[in-house]
1. For the subset of segment 381-411 comprising residues that are under 30 Å from Leu239 (Cβ atoms) and hydroxyl-bearing (Ser, Thr, Tyr), which member is modelled with the highest pLDDT?
2. Pairs only if they're at least six apart or on different chains, beta carbon under 7 angstrom, first in segment 192-210 and more than 13 Å from Lys162 (Cβ to Cβ) and touching a residue at least 12 places away in the same chain (Cβ under 8 Å), second surrounded by fewer than 18 Cβ atoms within 10 Å (Cβ to Cβ) and of a type in the set (Asp, Glu); list them, first residue then second.
3. Please give the helices (runs of 4 or more DSSP H) falling wholly within segment 46-92 in which 1 or more residues are at pLDDT 65 or above and among the basic types (Lys, Arg).
4. Being crowded, with 22+ Cβ neighbours inside 10 Å and among the β-branched types (Val, Ile, Thr) is the filter; apply it to segment 359-377 and report the residue that is modelled with the lowest pLDDT.
5. Thr269 versus (1) modelled with pLDDT under 80; (2) under 19 Å from the mean Cα position of the chain (by Cα): which is the lone unmet condition?
6. Tell me, please, whether a residue that is touching a Lys or Arg at 6+ places or on another chain (Cβ under 8 Å), of a type in the set (Val, Ile, Thr), assigned to a helix (DSSP H, G or I) and under 25 Å from Lys148 (Cα atoms) can be found in segment 202-224.
7. Could you please find all residues in segment 272-296 being of a type in the set (A, V, I, L, M, F, W, C) and either at pLDDT below 65 or closer than 30 Å to Leu213 by Cβ (or both)?
8. Taking into account only those residues within segment 336-352 that are in a helix (DSSP H, G or I) and touching a Leu at 6+ places or on another chain (Cβ under 9 Å), which is farthest from Ile286 (Cα to Cα)?
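The values are calculated or read from the model by the stated rules, or taken from the named source; none is laboratory data. Predicted, not measured: the structure shown is a model, and the values here were computed from it. Here the Cβ positions follow ideal geometry from the backbone for every residue, glycine too, while neighbour counts run over all protein chains shown.
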Amino acid sequence: MESCYELPLNYVNKVGYSVLYLAVEGGFREAVNRIFDKLLPQFHTRGNITPILAITKEDKDIMKNIVGKKQEWMHLRGKNGRVALHCVAATGYQEGVPYLLDTCKSCSIKRDNYGYLPIHLAAQSGHVEVVKMLLKYYPDPNKMLVDKSLNNILHIAAKSGKIDLVRYILKTPELEKMINQKNMEGDTPLHLATRYGHPKVVYDLTWNTKVKLDLLNLRKKTPLNIAIRATKYADAPSLRQSLTKIALKSAGQKAPHSVNVASDYVHGTERFRDRVESLSVISTLIITASVAACLAVPGEADDKGTAKSLHKTMFHLFIFCITVCLFTSISATIILIWGRLGVIQLLNQAMKVAIPLIGIALVTLSLAFMAGIYTLISKLTWLATTFLAITSMLVAIIFFLYMLLFLPSSSASKFSRYISYYPFMILA
């Protein structure tokens, strides 16, 4: 016959919680002690997961009490076949992990139904300190720390986007072999970080000289192959996908030549058509504004038809800027016409060349406006000075905002990578 003192463990409410679990959850240590004092020595849990939940509650005193009186509960398996150390490692409870390890060292090599060790769950959640504790219990972590799919802890951290843990592993010499290790699908950690869209992880991996960028998986794909495919065939590539591709290109990995020309044509023209049309409208408007400014040259003319402001410095700046603005916008318009010829290579190249030209046209148009107005109001010193200060600041902002379009850069030069670092980390 079942003892009445076993009721707190064997019977649960509608939510699935037992009396013991509620006592632990509420931190009622006296109640927990009294329940244990009344338990019969031969008591069995009959598959109840309450003991595991009780042990993994982040209260070291309660944990010590339970483990001290029912040490065998550490080996009970709950949801997904996980023991208490699995649960504590997953939650990152730093005080509980060493205590459970000291009590049962063999728990560190117990696997759940998915083949995960406790350290795999800690890596999945990005708990660096817990991973450090658990690593001490594996004599050869490079061989032992793989799951059923042969993923090591760097694979798992990269797949989950846990940048702090990835950085720790990269700078730990004992874990160096994990960097280019392949799983069952032939994927390295860099492959997985790319596939799951974690640009910060990809960026850090590509900066490490020990990471091999051109390794192929079983599908004969490099990480850049995966990144290009993700952005090429998406209707609207996410920012993370685009940044991931930029990180790989900036590391110097060469993009593969496409073999499916028809597919490239369809996806390329569909994606860039709206962009080309928008840029064409912008460049045409800039041309219109430039021509209007040329026809309304600031300042009056003398009897001979010569501008009275001809010898003023700001007038010279106006003439120079409006000329550059006009011809760069005309050049951008012509180049964008190339993009409408239906050739995918011309379309891509037209976009690359036209965008910087339009940027130059916008900045020089702003400078021409500043120089022209200043020429007209220069005799009123306070107004001219105030106007010059405000417009100079606004032109600088316009220039900065436009430069952000080119950062982070996919250039493989070290200089470009250093400049792109902070914009990349902010966007990622």
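1. The extreme case among them is Tyr402.
2. Partner pairs satisfying both residue conditions: Lys210/Glu176.
3. 60-69
4. Thr375
5. Unmet condition: (2).
6. For segment 202-224, residues touching a Lys or Arg at 6+ places or on another chain (Cβ under 8 Å), of a type in the set (Val, Ile, Thr), assigned to a helix (DSSP H, G or I) and under 25 Å from Lys148 (Cα atoms): absent.
7. Hit for segment 272-296 is Phe272, nothing else.
8. For segment 336-352, the residue satisfying everything is Leu347.
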